[in-house]
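K.L.:
Take a look at this one; I'll ask things after.
Read the figures in this text as sums done on the coordinates, not as results from a lab. This structure is a prediction, so every number in the text was calculated from the model and none was measured. Glycine also receives a Cβ, built like all others from the backbone with ideal geometry; neighbour counts cover every protein chain displayed.
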Amino acid sequence: MGITNASFVAQTIDWNPPHLYNTIKAAYEHKGLSFVRILQRCPHFTSHVFAPVQQDLSQVLLMTDEEGIALDSNIARLFPNRTAHSPRNLEEARQIAERDDVYPIGLFYRNEQAARYDFATAQGIGRTQQEKLAAVNQALDRFTDVGDGLVERPPLRVATFQLSAPRVKAMFVFFDTIGHSSGWS
């Protein structure tokens, strides 16, 4: 549960294909970073590791919720040990994940409002180079006022230029000092 920016955290088992499939499908359809832990047997080296659990499904804790992993009721009946768990409740998700008396499966956590890479990279699409430079300068100018009667730092200016290699651009930040100009604007 300590994965940074993961907005979908689930756990499943490889010996129940419907649950495995539905978990991976839900993770795939989730918009954001998904992390799925699969309790998996290696047929050559560790085929025996989960044998007791496969024989006694009461050692598996199935997390259920409308917003959780969808599972046919006939499959869900195979798991006698179930708990209602809202994937919006991070604290409860951590408590369930830390249990060592059972193997919890299902959706621990989901946050559809979490920051996403595609949101961050979509900013500025359709802007001209000058508009992008103005936006960067505006963002940098927020950090020039130190306040409380201290000396104000000079504003930052950003310049970009084309390097010899096509499609390669570099950004340099120059500090304008009092009475001196960096020569870039």
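K.L.:
Determine one quarter of the surface area of the Cα convex hull of the stretch 3-111, which equals its mean projected area, and express it in nm² to one decimal.
P.N.:
6.9 nm²
K.L.:
When the chain is fully extended, how far beyond the present Cα-Cα distance does D14 get from F119, taking 0.36 nm per residue of separation?
P.N.:
Full-extension gain reported as 34.5 nm.
K.L.:
From the phi angles alone, apply the Karplus equation (6.51, -1.76, 1.60; θ = phi - 60°) to the stretch 68-85 and give each ³J(HN,Hα) in whole Hz, x where the residue is Gly or Pro.
P.N.:
x, 6, 5, 8, 4, 4, 5, 6, 4, 5, 5, 9, x, 9, 10, 9, 7, 9
K.L.:
Continuing with the same structure: Under the Karplus relation 6.51 cos²θ - 1.76 cosθ + 1.60, θ = phi - 60°, what is the ordered set of whole-Hz ³J(HN,Hα) values for the stretch 89-96, x standing for Gly and Pro?
P.N.:
8, 5, 5, 5, 4, 5, 5, 5
K.L.:
Kindly write out, for the stretch 19-29 in residue order, the coupling ³J(HN,Hα) from the Karplus curve 6.51 cos²θ - 1.76 cosθ + 1.60 (θ = phi - 60°), rounded to whole Hz, with x marking Gly and Pro.
P.N.:
Result, rounded to whole Hz: 5, 4, 4, 5, 5, 5, 5, 5, 5, 5, 6.
K.L.:
Which whole-number percentage describes the relative contact order of the stretch 6-110, with Cα contacts under 8 Å and a sequence gap of 6 or more?
P.N.:
34 percent
K.L.:
Let me ask another. Quick check: pseudo-label points 7 Å beyond the Cα along Cα→Cβ at R88 and E131, how many nm apart are they?
P.N.:
3.6 nm
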